[in-house]
1. With θ set to phi - 60° and the Karplus curve 6.51 cos²θ - 1.76 cosθ + 1.60, what are the ³J(HN,Hα) couplings of the range 29-34 in order, to the nearest whole Hz, using x for Gly and Pro?
2. Name the residue, out of Ile67, Ile143, Ile78, whose mean-square fluctuation peaks in a Gaussian network model built on the chain with Cα pairs under 10 Å.
3. Using a Förster distance of 45 angstrom, determine the FRET efficiency expected from the C-beta separation of Leu98 and Met174, and round it to 0.05.
4. Among Gly137, Gly104, Gly86, determine the one that fluctuates most according to a GNM of the chain built with springs between C-alpha atoms less than 10 Å apart.
5. Bin by bin, in steps of 5 Å, what percent of the Cα pairs in the chain do you find, going until the bin that has the longest distance?
6. Compare the Cα positions of Leu161, Val71, Ile92 along the charge dipole of the chain (+1 at Cβ of Lys, Arg; -1 at Cβ of Asp, Glu; about the Cα centre) and return the one farthest towards the positive end.
7. Test of understanding: in a Gaussian network model of the chain with alpha carbons linked when under 10 Å, which of Ser100, Ser80, Ser16 would top the mean-square fluctuation ranking?
8. Report the charge-dipole magnitude of the chain in Debye, nearest 20, computed about the Cα centre from +1 at each Lys and Arg Cβ and -1 at each Asp and Glu Cβ.
Amino acid sequence: MGKLLLSLLLVFAPLSIATIGGGQTVVADIQRQVVDVHHWMTRDEFLNAFAISRMAPGPGSLLVTLIGWQVAGIAGAIVSTIGIFGPTTFLIYGVAHLWSRNPGARWQRALESGLRPVAAGMILAAVYVLLRSLEGGWLAQAIAFASTGVLMATRINPLLLLAAGSGIFLAARMIFAI
């Protein structure tokens, strides 16, 4: 059990440092580590854990808490949570200290400009991994893209989009036997 807990810590601690732009930026690598490298979960189990973590209140990085729970129970959940939040906490504390001592410095603007495309690319990688994992094939992917477009263009409640998307998906599957 100790080796498994150490493995969880060694997987999530480095990913913590890479969470530029939020926890969603490392979802693709979390999936790769958990499903492909360590085989702690199947793709379906990972997708279910991801869905649960998105519906639960709190940060999206709580996905790793669910993974830790499934892999090694309560101890795994605790170690995984410390692994994903611990290193970043200390890093941010140090950066905030430097940031406040040098307001408007040239290096700050350069860092902000440089990290924006990195965060965007990491988010796109996470979207790609999640879209590939959808079980509904092209229909589910089309609904996901359409829902994203509607969500970005309007102020509609995401729960309404979720209900409409699932209704369209089920109706299309029944009518067209997709």
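1. 6, 4, 4, 4, 5, 6
2. Highest fluctuation among the options: Ile143.
3. On the way: r = 58 Å, r/R0 = 1.29.
For R0 = 45 Å, the calculated efficiency reads 0.20.
4. Result for the chain, Cα springs under 10 Å: Gly104 fluctuates most.
5. 1, 8, 13, 17, 17, 13, 12, 10, 5, 2, 1, 0, 0
6. Ranked along the dipole, the leading option is Ile92.
7. Ser100
8. Working: 11 positive and 6 negative charges, 90 e Å.
Magnitude of the dipole: close to 440 debye.
Bear in mind that the values in this text are calculations on the coordinates, not laboratory data. None of these values were measured; they are calculated from a predicted model. We place every Cβ from the backbone using ideal geometry, glycine too, and count neighbours over all the protein chains shown.
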